[in-house]
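Have a look at the structure below, then the notes.
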């Protein structure tokens, strides 16, 4: 089952497209990183998935074919919006009661236990909490809804490094415990590496990369060799991004570890951050190994417009 | 659910609510408390002054007067009017604006505050969809405000009772605006107008200002231009016994034998031009030219008919605005 499936999805605000021609299948049971620069359309995509906005073109379904915004979708999807909006004037306890009165599957005892574990006082007004505690309250009530899919929009963008680490720790523990699917957007790549096992890169309103993190790392190599040969090597291989120095040039290419490097060149693996940055620096490159049964065409496009 | 197992929560608790009604109560209890407080302050004021007024009315023997022009009633009537008439005329003029005020402070923030602070992204993704969310809020808050306003109108009617026979209940800008159903219907209208403008404008303070302006822009023309059209006024010669003193006079004029109309200004100008500059000469001049005074009026007996027609129009408008708010949120979220 795919927790999110989009076909030719587009959203236009006035004259500009926030999201365009987005075809995507996010598999179940994964922790998916949705990465892209500011303004890439990440928030628009997530809002379409929870029916906070409606698409201009295309189709989107959630949890294996359910319409976003239906009662079932609303009750089975937890959503933590950007800046984790909560009512500032409510106490933490009343925030829990509010969600209890809105959600069908809410487990208030679970929420209170999580908050107690984090040392967040229930009688404190939400507006008086620190940024980290504020985000933790939003996460705790979202997790206590026992969602099948948890969607978080830039949850750590405004947190300090320590609070970020703690937030991600809570999230990781919960995903391991409950086996829920998670879709997490961020423009901070380094935080995602230890949490996510599936990557979607969105740039300028289009899906640029989508795939299993391990697969992506296995199929990308960093080749390093003399600059004078770089043009010849690059012509023969699917290059994502090149960094040309005076003497040495690094090429991030799509190739697996078994492929022998050109003579005189060294080959090495890459990491998620480098991979993401390379794609973001090369907006015309794309890696879309459609993982879903509903999108059978396995497309590998390099240098496509 | 029994009283003995009630949890020892701080603060006062109404009957246990669940789901969206609880959410509505928790989020809007301060606004509702404010509405109760404002109506309550005026209510207390009317209760205290009303008891004194009713007691004086009775002790002056006015409750036994059928015809106020009766010589035995004229003196006590003068005393009573001297003591209370200013109150009776000015308080309703002020209270007329309360429904608009309730719309501004209770209605406008309902959606605007959520949109402005971004909390709608939280509220509308927790399991209950936004159509259920807004419908519950509009219905519960709208009904509550309407009931409060009806109770207030009932209290006002009791307070104003002695003057109902003296000054009449028909009219514009006075007691008519606070009695009967019109006051409550305008409260509901103001609330729904505020909610819709909040949803459209998406900012609380501008939405409140727009609600005040919109409420006045609908209410004022309806009083001045539309209300007299509800029923054709009765037209009669203006003689001492020609029309009841508690009626609402729409227009008065003079006309000659051929039916040619003159308003008061034209009449006085012509009389002065003919040298009729004292009351006696004026009357003689009038008789000479066969001028007679006429009035058109709405009798007090039409009070309930007017109230029902006008209130129905406001309620229909309120329902339309409520429907528009629901439709707008359903169709267009962010």
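The values are calculated or read from the model by the stated rules, or taken from the named source; none is laboratory data. Predicted model only: the values in this text are computed from it and were never measured. No Cβ is skipped: glycine too gets one built from the backbone with ideal geometry, and neighbour counts run over all protein chains shown.
Quick notes on this one:
- Comparison of B:23, B:106 shows that the only residue that is away from chain A (no Cβ under 14 Å), surrounded by 15 or more Cβ atoms within 10 Å (Cβ to Cβ), over 27 Å from residue B:171 (Cα atoms) and touching a helix residue (DSSP H, G or I) at 6+ places or on another chain (Cβ under 6 Å) is B:106.
- Number of residues in the range B:200-228 that are more than 16 Å from the chain's Cα centre (by Cα) and surrounded by fewer than 24 Cβ atoms within 10 Å (Cβ to Cβ) equals 11.
- Flag if residue B:148 is farther than 19 Å from residue B:324 by Cβ, away from chain A (no Cβ under 14 Å) and out of contact with any strand residue (DSSP E or B) (no Cβ under 8 Å at 6 or more places or on another chain): yes
- Filter result for residue B:329 (assigned to a helix (DSSP H, G or I) and within 14 Å of chain A (Cβ to nearest Cβ)): yes
- Residue that is farthest from residue B:306 (Cα to Cα), among those in the range B:235-270 that are within 30 Å of the chain's Cα centre (by Cα) and assigned to a strand (DSSP E or B): B:253
- Any hit, the range A:1-14, residues being over 13 Å from the mean Cα position of the chain (by Cα), more than 19 Å from residue A:185 (Cβ to Cβ) and at pLDDT below 90: yes
- Of all the numbered requirements in (1) surrounded by 15 or more Cβ atoms within 10 Å (Cβ to Cβ); (2) closer than 28 Å to residue A:188 by Cβ; (3) touching a helix residue (DSSP H, G or I) at 6+ places or on another chain (Cβ under 6 Å), residue A:88 misses one, and that requirement is (1).
- Test: residue in the range A:289-303 that is at pLDDT below 85, out of contact with any helix residue (DSSP H, G or I) (no Cβ under 8 Å at 6 or more places or on another chain) and not in a loop (DSSP other than H, G, I, E, B): yes
- Among the candidates A:201, A:188, A:209, A:195, the residue that is exposed (fewer than 15 other Cβ atoms within 10 Å of the Cβ), under 27 Å from residue A:287 (Cα atoms) and touching a helix residue (DSSP H, G or I) at 6+ places or on another chain (Cβ under 9 Å) is uniquely A:188.
Table: residues versus (1) touching a strand residue (DSSP E or B) at 6+ places or on another chain (Cβ under 8 Å); (2) farther than 28 Å from residue A:276 by Cα.
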residue	(1), (2)
A:25	yes, no
A:31	yes, no
A:35	yes, no
A:40	yes, no
A:50	yes, no
A:62	yes, no
A:65	yes, yes
A:93	no, yes
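- Qualifying helices (runs of 4 or more DSSP H) (wholly inside the range A:40-151; at least 3 residues being more than 30 Å from residue A:201 (Cα to Cα) and away from chain B (no Cβ under 13 Å)): A:108-117
- Only one of the numbered conditions (1) surrounded by fewer than 23 Cβ atoms within 10 Å (Cβ to Cβ); (2) within 14 Å of another protein chain (Cβ to nearest Cβ); (3) at pLDDT 95 or above is not met by residue B:128, and that is (3).
- Test: residue in the range B:33-51 that is under 29 Å from residue B:95 (Cα atoms), at pLDDT 90 or above, within 14 Å of chain A (Cβ to nearest Cβ) and touching a helix residue (DSSP H, G or I) at 6+ places or on another chain (Cβ under 6 Å): no
- Against the numbered list (1) away from chain A (no Cβ under 14 Å); (2) assigned to a helix (DSSP H, G or I); (3) without any contact (Cβ under 8 Å) to a residue 60 or more places away in the chain, residue B:80 comes up short only at (3).
- Of all residues in the range B:120-171, those that are outside any helix (DSSP H, G or I), in contact with a helix residue (DSSP H, G or I) (Cβ under 8 Å, 6 or more places away or on another chain) and within 25 Å of residue B:250 (Cβ to Cβ) total 4.
- Residue within the range B:65-72 that is surrounded by 14 or more Cβ atoms within 10 Å (Cβ to Cβ), within 30 Å of the chain's Cα centre (by Cα), more than 14 Å from chain A (Cβ to nearest Cβ) and free of Cβ contacts under 8 Å to residues at least 24 places away in the same chain present: yes
- Evaluation of residue B:284 against (1) surrounded by 15 or more Cβ atoms within 10 Å (Cβ to Cβ); (2) farther than 20 Å from residue B:207 by Cα (one fails), failing number: (1)
- Positions within the range A:2-26 being on the phi > 0 side of the Ramachandran plot and assigned to a strand (DSSP E or B), in sequence order: A:8, A:21
Residue by residue, here is whether (1) farther than 19 Å from residue B:253 by Cβ; (2) part of a helix (DSSP H, G or I) holds:
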residue: B:275; (1), (2): yes, no
residue: B:280; (1), (2): yes, yes
residue: B:286; (1), (2): no, yes
residue: B:295; (1), (2): no, no
residue: B:301; (1), (2): yes, yes
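- Residue match in the range B:212-234 (condition: modelled with pLDDT of 95 or more, outside any helix (DSSP H, G or I) and farther than 30 Å from residue B:259 by Cα): no
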